Every structure is written in structure tokens, then in C-alpha cells.
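Report on the following structure.
The values are calculated or read from the model by the stated rules, or taken from the named source; none is laboratory data. Because the structure is a prediction, the values reported are computed rather than measured. All Cβ positions, even for glycine, are placed from backbone atoms using ideal geometry, and neighbour counts span all protein chains on display.
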Amino acid sequence: MSELQRAVQILRAGRLVAFPTETVYGLGADARSSDAVNRIFRAKGRPSTNPLIVHVSGVAMAKVYASEWPDAARRLAQAFWPGPLTLVLPRSKKIAPEVSARLSTVGLRMPNHPLAIELIRTFDGPIAAPSANRSMHISPTTAQHVREEFGASIELILDGGPCTVGIESTVLDLTCAPRPRIVRPGGISKERIETVIGSVDAPHVVTEVTTPAVAPGQQEVHYAPLTPAYRFDRLPVTAMEAPDVALIAISRDRSLRRLSLHRIEMPNEPDAYAHHLYAVLREFDHLQARAIHIEMPPDAPAWSAVRDRLRRATNPG
Ligand code: TXA
Ligand code: MG
């Protein structure tokens with residue numbers, strides 16, 4: 001039996017499979033089964049108030065699991081699917097209510113990864129999947145990262161190589177008035193969305209990792225390394241000289257540069273930066289440094305998703 005067939009069998013039995021997407025690896029279960037979905041929350045140690053994203057194989061499947069498919073959804077799916085854009089729409093009763101923390105909505109996305117699409121098509125059903133990390137840890141962008149998170153407790157990890165995008169999808173709520181609202185910035189920018197459906201509201205800016213949750217789907221504590229991490233507009237000279245402080249700076253060009261065990265320069269371009277971000281954070285978390293100091297990229301629209309993840313992972317320095 002192929003790995004894919006095994007994965008489908010496991011999903012049909014109501015159990016969990018980790019699989020690659022273009023953004024991060026997901027921990028998947030049958031989105032129609034409450035029991036299966038509850039297993040995800042237990043495995044991750046995730047609060048049941050934080051809704052999961054449902055992965056579909058295309059527009060036809062999305063229309064079965066959203067109870068409405070407005071024109072904005074049609075146009076956005078045409079422009080950005082398969083890809084890193086999750087659309088929040090009214091939820092069909094066929095989706096287990098636990099998936100969306102009992103909200104009346106559901107987040108749907110068609111991932112841009114051949115293995116993920118083959119899995120959903122062969123399973124022939126929607127797959128609920130958060131990032132395949134323990135709650136509050138850094139999201140995984142390789143199969144090895146998933147193994148580090150869960151060890152042998154995950155029955156099967158489909159290995160599709162490193163994720164190309166490297167940070168999670170943009171989540172756009174199409175059910176809120178007066179305008180759609182970005183709930184989480186990600187792989188598709190606000191500007192690109194606006195060229196398709198006109199103006200949308202931006203998320204409020206996260207400033208502290210300790211901000212308490214406000215409502216289901218709005219949790220802000222996320223993605224944090226275990227080593228205390230601080231962000232700076234410009235790295236302080238004192239940190240540059242401290243041997244027990246790890247530094248993540250920005251390079252002057254698109255390339256990633258390793259200066260020493262504790263020092264790295266990230267690409268000066270948002271997509272390339274995003275691609276490396278979680279692997280670098282994870283690696284630097286293993287250095288057992290006293291702290292990680294991170295130089296923030298410019299406060300410009302193109303950097304909003306990367307800046308969002310860095311803010312969630314750090315406190316102001
Ligand atoms: O790129 C991604 O989106 C990855 C891959 C695996 O597809 N998945 C992912 O899922 O990041 P997760 O569970 O880590 O993030 C889910 C987030 C929630 O925290 C919330 O912000 C938003 O998506 N979300 C999901 N359903 C929602 C809903 N019905 N209403 C509002 N926000 C929702
Ligand atoms: Mg996550």
C-alpha cells in the first residue's frame with residue numbers, strides 16, 4: 001500500500017495525518033467528524049476556542065462546506081487558489097462544529113501543494129488542519145520539524161520537502177460588515193486582495209506576546225521560541241558583543257548569510273525572509289542562548305506578514 005493510501009485509511013478511521021502544504025505542515029483530520037477533530041485539539045494541546053482551517057481540493061468542494069459562496073469568494077478563489085489565502089464563510093452543517101470553535105463560520109483554503117491536493121482528492125472529503133506543532137510552538141516547515149514536535153505520537157507524516165512559502169496563509173473574513181477583514185496577514189498581501197475585491201480592513205497590530213485572547217479566532221499568543229526573544233528596530237551594540245545572545249539581523253541583499261553559530265543575516269526581501277523564518281527561529285531556539293535579539297524588517301506593507309509573526313514571537317527589546 002502506498003503512503004498516500006495509508007494516509008487516507010488513517011483519515012477514514014478518524015485519526016490524524018501530518019501533511020505538507022506550501023505554507024507550513026498541517027496536522028489533518030476528517031473535518032466532518034467531531035471525534036477526529038477533537039483528536040487534533042488534544043494532540044496539539046490547543047484551546048478549543050481557537051478555530052481550525054479546513055482544506056479543500058477546489059471550489060466545488062468549498063461550495064459544499066460553506067453554506068454561502070458570495071461573488072467575492074468566487075473572484076478571490078479564481079485569483080489566488082490554490083494558494084495561501086483562507087476564506088472565512090458561513091459554515092455548512094456538514095462541518096463538525098468543533099472545527100470552528102462553534103462559530104457559525106468556517107475558514108476554507110485550497111493548498112498549493114501536489115501531495116496535499118492528492119490527499120484531499122483521494123480522501124474525497126474536507127481535511128481540518130492547523131499547523132502541525134504543539135500549541136504556542138513555532139510552526140513546522142519540514143517533516144523533520146513535525147517529528148521534533150510530536151515524536152512517535154503521530155502515526156504518519158507525509159514528507160513533501162520544505163514548504164515553499166514558509167509562513168501561514170492570509171485569513172480573510174468575508175462574513176463581517178461593513179467590509180471583509182483580514183484576521184491574519186500571510187502569504188497573500190492586503191494590496192493583492194484589494195486589486196480583486198476592493199478595500200478590506202486590516203488586522204489590529206499585535207504588540208506583546210502576552211496579550212490575552214479576545215475572541216475565538218483572535219488568539220494572539222503564538223509562534224514563540226522558548227528562549228526569550230526580543231525585537232529591535234536596530235540591534236543594540238551591546239548585544240552584538242554579548243557571546244550568549246543570538247542575533248537575527250537583516251542582510252543588505254536577498255541572500256541568507258550565516259556569520260557564526262549565533263549570528264545570521266536574513267534576506268532583505270519578504271518572500272525569501274518568510275521562507276527561512278521558522279527554520280531559523282527553531283534552530284536558534286536550540287542554541288541555548290540567553291536571549292535571541294531580532295532586527296525588525298522595515299515597517300512597510302510588503303513586510304506586514306513577516307512583521308506580524310516576529311511580533312508574536314518576541315517582546316519589545
Ligand atoms: O497556512 C495555513 O493556514 C496553515 C496550513 C496548515 O494550511 N494552517 C494554519 O492553521 O495556520 P492554524 O489552525 O494554525 O490557524 C488557524 C487560524 C486561527 O487561529 C484563526 O486566526 C483563523 O485561522 N481562523 C480559522 N477559522 C476561522 C473562523 N471561522 N473565523 C475566524 N478566524 C478563523
Ligand atoms: Mg498555527
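Here are the numbers:
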read-out: Residue selected from segment 30-53 under the condition under 18 Å from A66 (Cα atoms) and touching a helix residue (DSSP H, G or I) at 6+ places or on another chain (Cβ under 6 Å), by the criterion surrounded by the fewest Cβ atoms within 10 Å (Cβ to Cβ); value: S34
read-out: Qualifying strands (runs of 3 or more DSSP E) (wholly inside segment 250-310; at least 2 residues being touching a Lys or Arg at 6+ places or on another chain (Cβ under 8 Å)); value: 263-266, 291-295
read-out: Qualifying residue in segment 129-141 (condition: surrounded by 24 or more Cβ atoms within 10 Å (Cβ to Cβ), out of contact with any Ser or Thr (no Cβ under 6 Å at 6 or more places or on another chain), modelled with pLDDT of 95 or more and among the polar types (S, T, N, Q)); value: yes
read-out: Only one of L226, L259 that is more than 27 Å from G107 (Cβ to Cβ), within 22 Å of the chain's Cα centre (by Cα), surrounded by fewer than 19 Cβ atoms within 10 Å (Cβ to Cβ) and aliphatic (A, V, I, L, M); value: L226
read-out: Count of segment 101-127 residues which are at pLDDT below 95 and hydroxyl-bearing (S, T, Y); value: 0
read-out: Residue check, D71 away from ligand 1 (no atom under 13 Å from the Cβ) and surrounded by 19 or more Cβ atoms within 10 Å (Cβ to Cβ); value: no
read-out: Number of the exception - H222 against (1) at pLDDT 95 or above; (2) assigned to a loop (DSSP other than H, G, I, E, B); value: (1)
read-out: Conditions (1) in a helix (DSSP H, G or I); (2) under 12 Å from the mean Cα position of the chain (by Cα); number of the one not met by I193; value: (2)
read-out: Condition met for E149 (farther than 23 Å from S304 by Cβ and within 16 Å of ligand 2 (Cβ to nearest atom)); value: yes
read-out: Any strands (runs of 3 or more DSSP E) falling wholly within segment 10-59 and containing at least 1 residues that are within 8 Å of ligand 1 (Cβ to nearest atom); value: 26-30, 53-55
read-out: Evaluation of S92 against (1) free of Cβ contacts under 8 Å to residues at least 40 places away in the same chain; (2) on the phi > 0 side of the Ramachandran plot (one fails), failing number; value: (2)
read-out: Residue in segment 242-250 that is surrounded by fewer than 17 Cβ atoms within 10 Å (Cβ to Cβ), without any contact (Cβ under 8 Å) to a residue 40 or more places away in the chain and either among the acidic types (D, E) or within 25 Å of R184 (Cα to Cα) (or both) present; value: no
read-out: Subset of segment 99-154 (residues that are charged (D, E, K, R) and either within 18 Å of V37 (Cα to Cα) or assigned to a strand (DSSP E or B) (or both)); value: R102, R109, D124, R134
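Residue-by-condition table, conditions (1) more than 27 Å from V196 (Cα to Cα); (2) in contact (Cβ under 8 Å) with a residue 60 or more places away in the chain; (3) not polar (S, T, N, Q):
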position: D30; (1), (2), (3): yes, yes, yes
position: K44; (1), (2), (3): yes, yes, yes
position: V56; (1), (2), (3): no, yes, yes
position: Y65; (1), (2), (3): no, yes, yes
position: R74; (1), (2), (3): no, no, yes
position: A77; (1), (2), (3): no, no, yes
position: L108; (1), (2), (3): no, no, yes
position: I117; (1), (2), (3): no, yes, yes
